[in-house]
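See below for the structure under consideration.
The values are calculated or read from the model by the stated rules, or taken from the named source; none is laboratory data. Every value quoted in this text rests on a predicted model; they were computed, and no experiment measured them. Here the Cβ positions follow ideal geometry from the backbone for every residue, glycine too, while neighbour counts run over all protein chains shown. Only protein heavy atoms, including side chains, enter the accessible area calculation; ligands, DNA and RNA are left aside. Shrake-Rupley method; radii C 1.70, N 1.55, O 1.52, S 1.80 Å.
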Amino acid sequence: SPVADLEFRDAGHGRLEPASIHGWRGVVVTGESQRGQEAVVPSRLAADDLTGEFGPGTHAAKQRVSVGAQGAVLTSLTGTGHASLEETTATGTKQTSTGDRLEAHFAAGPARASGAGALGGLGSGAEQIQSAVLDGHVVLVQQPAAKPGAQAEAPMRATAGRADYEGAGQWLHLTISPRVDTGGLRMTADKIDISQDSGDAFGHGNVKATWVGNGTAQTGKPQNGGAGQAGLVGQGSVALGGQGPAHVVAAEAQLHQATGVATFRGHARLWQQANSVAGPVIVLDRQKQTLVAHSTDAAEPVRAVLLSAGGMDPAKATGKDAAGKSATPSVIRVRGGDLKYSDAERKAVM
């Protein structure tokens, strides 16, 4: 910090101990943490103005104050103005969080024998940070570590008005218009919970999701079939045979980052243009290119409405195909207990 004020208090018996430290004009705090025998992981916190509070029983000796395993123990940090937190997990995932204001509280207890650095972990060490709140224009970015020989995964980006970090289990709770973008899938809900360990996201209340895939392969050729076909899932995206984005609404949702599986529950409905599937549970697998809808309630069966591709083709506006025959669209309506569709097999079973 360009400027820092350190305040002491009387610890009794003629001793002093640090009470607080205040830095401004751009403050950076770095630390390291370690779980057991896992690799040491770094962390970095920054803010325009930052204040740290020290716990009681921390003594200053020989005019030197150290922050770490054998020195002062921070109990809380409050940063305002361009607050940011950067962490790298033991698995190599890089996580960056920014906001207007950050307040973090640390669990009381002895420092670890591993000799962790400045803060004993800023979020990546769940046994050290107890809770944290990030307020105002919150942006969270998670970039999974690159795997040898594998294509780099798209980062997950989330925005919200407020983010609450829970040390137990390493959970982030996003509220105030939260939104998550996993690279092709965008989701909003009343509340979104994100696991920092797995990267999984859980949406609660008024879930709305959109796939922005265009239904084309790398060659750019359409993969949804020609006229008269009512395919469900297009290669490279989860869709319903039409062009443009596919949409989902539900009460709850779970996005599994490692497998690309998205599960929607509670009056779930997925549609793209005129095609739609509705049911209590809809499961989409973007890697396997499958769609599964479940129902165990006869009062709420799985319902599918499919319009033939010929009926959605703007070129068929004349009502006739290239051979001059009628191109009237065919509408298929089906309902039942379960719907299973595989794009690889081009087969749907109700």
(message) Residues to consider are P155, P178; find the one that is within 15 Å of the chain's Cα centre (by Cα) and open to solvent by 20 Å² or more (accessible area, probe 1.4 Å).
(response) P155
(message) Among the residues of segment 248-281, what is the count of those that are more than 14 Å from G203 (Cα to Cα), surrounded by 19 or more Cβ atoms within 10 Å (Cβ to Cβ) and in contact with a Leu (Cβ under 6 Å, 6 or more places away or on another chain)?
(response) 3
(request) Can you work out which of the residues in segment 6-29 that are open to solvent by 80 Å² or more (accessible area, probe 1.4 Å) and at negative phi is nearest to the chain's Cα centre (by Cα)? (result) E7
